[in-house]
Each structure stands twice: as structure tokens, then as C-alpha cells.
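Heads up, the thing below is written out as C-alpha cells.
The values are calculated or read from the model by the stated rules, or taken from the named source; none is laboratory data. What you are looking at is a predicted structure, and each value in this text was computed from that prediction instead of being measured. Note that we place each Cβ from the backbone using ideal geometry, even for glycine, and neighbour counts take in every protein chain shown. Please note that ligands, DNA and RNA were not included when accessible areas were found on the heavy atoms of the full protein model with its side chains. Shrake-Rupley method; radii C 1.70, N 1.55, O 1.52, S 1.80 Å.
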Amino acid sequence: MPAHQSRSRTRDRNNVLNRPEFMSLNQPLRNSPAEVRSSLRRHNVQAGQAKHTQVPQPDYPTQEPSDNVKDRRESLKLPEDDCMQLNPSFKGIAMNSLLAIDICMSKRLGVCAYSTSSWGSVRSMVTLLAITGHGIPWICGTLLCLTRSSTLAGQEVLVNLLLALVLDVMTVAGVQKLVKRKGPWEISPSFLDYVAMDVYSFPAAHASRAAMVAKFLLNHLVLAVPLRILLVIWAFLVGVSRVMLGRHHLTDVGCGFALGFLHYYLVEMVWLSSNTCQTLISISTLSPFFK
């Protein structure tokens, strides 16, 4: 390197006006075109020298974005539930409002959901009332009565009742599997619930069964007026007990009652005659008990 260049660089370095805080004092108010062209030419020359003196770096393959970066970008995207709809429809607003009211009232009525709830002292009695609407006791009881029945009319009624119970259990289990709605409280199903495939909340299987059985017995049994009133009250209390235990919403119980009436009318449409019932009994595995 020539000596005059080194002396000029040393002089420029020691100059106070070359410091960053005084650089604005050295700038002219307005550059002429000639000065602009000379500065650009000087800049290009310095860039060319730096390019020739630069040490070549080895070419490394470019790395793909890591999974953490991708996860961070995806996390920045808001889920659809958090996005506000600017123009919600009236139907959507009404449905969301009704669902919110249903959940709120169901939680308030779940006074026996736990032993520490406000009505936790009567939880065992409410649970016993709910078991009277379970499918397994009713199916087992119908089979037991069918083995003890000796009249054709009684066997006809019991076979059709058994058909209605099986239809109710299978239909409710299928709808619950499709909807998969959870109850208002996080309560795990019992062993009988797993056996009867009554795991989810919508529709209420106990309410459906109670409504169907009550309607069936009222139409096919000769009962006194007090017994008929007690039968209706029992069906209603079975549905209410499931809400008090925190297993179902109010809408689940209401739809369960409606589904129970639907099952009753379906069985009435396909009512099995006495001859058909006797044929089924004769070919069933329980035929030795009927002889």
C-alpha cells in the first residue's frame, strides 16, 4: 500500500468531523450533478475492490424452515371459534342463545351432580329413581315376566314390549353415537350405562324409555286412575332425575320424551300378532322355559 494513502487514512481517522455525530456538518447543503457522479463512481470502484479482495465462502445448502417456525406461524392463525362473524344470521343468533340458556339452566339444575352439591344428601335417592328408567332392568324384567306368563294375551303384550325396548336402546345409542354431545357436568358413565350404550348426553335414553314404557302400559294394561297418574309422574321424574344428576341437558330430556313417543307409535304400527309371538317364542332359546 502506498505511503501517501496510509497517511491520508490516518489523517481522516483522527479528524474530529469524521465522527458519526458530526457527519451531518460535513455534508453540503446541495450536491451538484458532477459531485453525485463522482461519488457514485468512487463507490463503484470501492465495491469492485472489495469484491476482488473478499474471501470466497463455501456454498452451504439453504436450510428449510424448521418445524418450530411452522408451528409458530400456524399458532398465529386464529381458530374459527375465535373469529367474530361480522354478519351473523338471525337463525344463528337464536340457536346460540337457546343453547346458552339450555346449558346455563342445566348446570343450575344439576344440584345432585356430586355428593358435595347443594342437594348431595339426596343423590342416592335420585340415582335410584334414575335406575328405574334404565334399559337393562326393563329388558331383564320383561324377559322374566315372559317366562312366567301363561296366557297368550300376556305373552303378546310382553313380546311387543320387548321389541319396543330393544328398538329404543338401539335407536338412542345410534343417535348418541352420531351427535356425541357431552353432558353439562363432567361425569363418567357407570357400568350399566356402558352396557346399554348410554354414554353421551343427546338424547336422554332414560327419558325416552320412560315415556315409551308409560305410554305402552297406559294403553295395554287396565290400571286404576291413581296408578295411571303415578305412572305419568314416574316418567316425568325419571327425566328430571337425569338433569339433577348432571348427566343431561334440558333439551336432551325433551328430545328423549319425544323420541320415546315415536318409538311407541312405531311399535303400534308393526304390532306383532299372537301367532307371530308364539312362533318367535317357540324358536327362541328360551323355549324350554315356556313349556
Q. Could you give me the ³J(HN,Hα) list for the range 90-106, computed from phi with Karplus coefficients 6.51, -1.76, 1.60 and θ = phi - 60°, whole Hz, x at Gly and Pro?
A. 5, 5, x, 5, 5, 5, 5, 5, 5, 5, 5, 5, 4, 5, 5, 5, 5
Q) Sorted by accessible area (1.4 Å probe), largest first, how do Lys180, Lys91 line up? A) Lys91, Lys180
Q | Simple label model, 7 Å out from Cα along Cβ direction - Leu143 to Arg228, nm | A | 3.3 nm
(Q) If you roll a 1.4 angstrom probe over the protein chains with everything in place, what fraction of the accessible area of the range 124-279 belongs to carbon and sulfur, to the nearest %? (A) 76 percent
Q | Cβ-based net charge around Trp138, under 10 Å, with every Lys or Arg adding one and every Asp or Glu removing one | A | 0
(Q) Using a 7 Å offset from the Cα along the Cα-to-Cβ direction at both Met125 and Ser150, what is the distance between the two label points in nm, to one decimal? (A) 4.0 nm
Q: Beta carbons within 10 angstrom, averaged per residue: use that to sort the peptides 122-133, 153-164, 98-109, 195-206, highest first.
A: 195-206, 153-164, 122-133, 98-109
Q) Of Val270, Val213, which has the most accessible area and how do the rest follow, probe 1.4 Å? A) Val270, Val213
Q) At what distance in nm do the modelled label points of Glu186 and Asn219 sit from each other, each positioned 7 Å from its Cα along Cα→Cβ? A) 4.3 nm
